1. Only Lys, Arg, Asp and Glu count, each charged at its Cβ (+1, +1, -1, -1), so figure out the dipole size of the chain about its Cα centre, rounded to 20 debye.
2. At 7 Å along Cα-to-Cβ for each site, give me the label-to-label distance between residue 44 and residue 72 in nm.
3. Mind checking the full-extension length gain between residue 14 and residue 101? Use 0.36 nm per residue of separation minus the Cα-Cα distance, one decimal, nm.
4. What nm distance separates the two modelled labels at residue 30 and residue 118, each placed 7 Å from Cα along Cα→Cβ?
5. If you roll a 1.4 Å probe over the heavy atoms of the protein chains, what accessible area per residue do you get for region 1-73, in Å²?
6. Rounded to whole Å and sorted largest first, list the principal axis extents of the Cα atoms in region 1-54.
7. First compute the accessible area of the chain with a 1.4 Å probe, then give the percent of it belonging to carbon and sulfur atoms.
8. Please list, short to long, the whole-number percent of alpha-carbon pairs of the chain in consecutive 5 angstrom bins beginning at zero.
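The values are calculated or read from the model by the stated rules, or taken from the named source; none is laboratory data. On a predicted model such as this, the values are computed, not experimentally measured, just so you know. Neighbour counts run over all protein chains shown; Cβ positions are idealised from the backbone, glycine included. Ligands, DNA and RNA are stripped out before the accessible areas are found, and what is left, the full protein with its side chains, is counted by its heavy atoms. Shrake-Rupley method; radii C 1.70, N 1.55, O 1.52, S 1.80 Å.
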Amino acid sequence: QVQLVESGGGLVQAGGSLRLSCAASGRSFRNYALAWFRQGPGKEREFVAAMLWNGGRPNYANWGSRFTISRDNARNTLYLQMNSLKPEDTAVYYCAAAPSSFPTGDRHRYDYWGQGTQVTVSS
């Protein structure tokens, strides 16, 4: 049974940084894409970044130059480093996994989701 457990969210001032973690378990994630999505208040869930567990070039949302996705295979953990945070980055951040040969940003392709972690950026 696949489990994705996010952590690392919290309250931060504008301009600050946070690193989110997603502990993945329950299967081998070879040939899987893992991604971060977010959902702000009153908004649809939107793509942030994705990468293949096997490696290769990540895929980012076109606004996502302040964020970096990475993974630690030995720890089975996905990360999202977020810098220069803005109030509009306030959202619940979700980790997701999908069998895929491409780090897709299409949320409908993702089969597995974590419970989310809240990030709040104050102005």
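1. Charge dipole of the chain: 220 debye, to the nearest 20.
2. 3.5 nm
3. 27.7 nm
4. Each label point lies 7 Å from its Cα, and together they span 4.1 nm.
5. Each residue of region 1-73 exposes 53 Å² on average to a 1.4 Å probe.
6. That gives 37, 22, 20 Å along the principal axes, largest extent first.
7. Exposed carbon and sulfur together represent 43 percent of the surface.
8. 2, 12, 24, 26, 19, 10, 5, 1, 0
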